[in-house]
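See below for the structure under consideration.
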Amino acid sequence: KKTAVLISGRGSNMGALISAAMDPNYPAEIALVLSNRPDAKGLERAVEFGIPTAVVDHHDFSGDREAFERAVDAVLKDRKIDLVALAGFMRILTPYLVNSWSGRMINIHPALLPSFKGLATHERALEEGVKVHGATVHFVSAEMDDGPIIIQGAVPVLDADTPDSLAARVLKVEHTIYPKALKLIASGKTKIADSRVLSGNPDL
Ligand code: GRF
């Protein structure tokens, strides 16, 4: 399956997906990296990997979110993309893009959803004193950081943690669960039933 990775920043999850997809048996090909920021560090990494890149700068659409999304959608369709993986793509999506990629767009969120939707998840996890934290890959639905959960990975929260140390521990988990989730989706081994994803054991 031809997969586009949408980024806004450093692109470490994008890198994990690209690395996984280098295995000839992996069912997804990273066919495009698209950024809404021309200066995203991840674009340079994608070029180093030899992956085609595109930029659709949201500043060019004077606040019209749907016009921005129409432009993104046009690039995805032009490149014959089958699946979209959001990886640190820092735009709130409208129903336009969500509906046009329904069941074919996934996201990674640095928390165990449905806890800690939105930003600053690690700070908030420490403030709340949770003892287990983690990351979630889920299908994208109209609500932000919502939608059927595909895989979660958990880490312990340690007394000495800072937001940065916790973020680093969670990020390692992100880099393992995101390629597994994309593999499940691209190979068609998952199904959605009653708004849930039934994937069996993702480690198999
Ligand atoms: C990750 O923590 C991801 O979960 C969140 O934004 C961060 C992006 O990091 N949505 P990177 O660009 O993949 O390195």
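The values are calculated or read from the model by the stated rules, or taken from the named source; none is laboratory data. In this text, all values refer to a predicted model and were calculated from it rather than measured experimentally. Please note: Cβ atoms are built from the backbone with ideal geometry, for glycine as well, and neighbour counts cover all protein chains shown.
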(message) Looking at the structure I just gave you, is Asp60 more than 25 Å from Met144 (Cα to Cα), at pLDDT 95 or above and not polar (S, T, N, Q)?
(response) no
(message) Can you find, within the range 173-201, the residue that is nearest to the ligand (Cβ to nearest atom) among those that are of a type in the set (Lys, Arg) and surrounded by 13 or more Cβ atoms within 10 Å (Cβ to Cβ)?
(response) Lys180
(message) Here are the criteria: (1) more than 21 Å from Ser195 (Cβ to Cβ); (2) in contact (Cβ under 8 Å) with a residue 24 or more places away in the chain; (3) within 11 Å of the ligand (Cβ to nearest atom). Tell me which single one Ala154 does not satisfy.
(response) (3)
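Among the strands (runs of 3 or more DSSP E) lying completely within the range 1-108, list those that include at least 2 residues that are touching a helix residue (DSSP H, G or I) at 6+ places or on another chain (Cβ under 6 Å) and within 15 Å of the ligand (Cβ to nearest atom). Talk me through it step by step, then tell me what you get.
Numbers: elements: 2-7, 29-35, 53-55, 83-86.
Fully inside the range 1-108 and qualifying: 2-7, 29-35.
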(message) Being surrounded by fewer than 19 Cβ atoms within 10 Å (Cβ to Cβ) and among the hydrophobic types (A, V, I, L, M, F, W, C) is the filter here; which residues of the range 1-42 pass it?
(response) Ala20, Met22
(request) Taking the residues in the range 109-145 that are within 15 Å of the ligand (Cβ to nearest atom) and of a type in the set (Gly, Ala, Ser) as candidates, determine which candidate is farthest from the chain's Cα centre (by Cα). (result) Ala125
(message) So Ala135 passes all but one of these: (1) small (Gly, Ala, Ser); (2) surrounded by fewer than 16 Cβ atoms within 10 Å (Cβ to Cβ); (3) in contact with a Pro (Cβ under 7 Å, 6 or more places away or on another chain). Which condition number does it fail?
(response) (2)
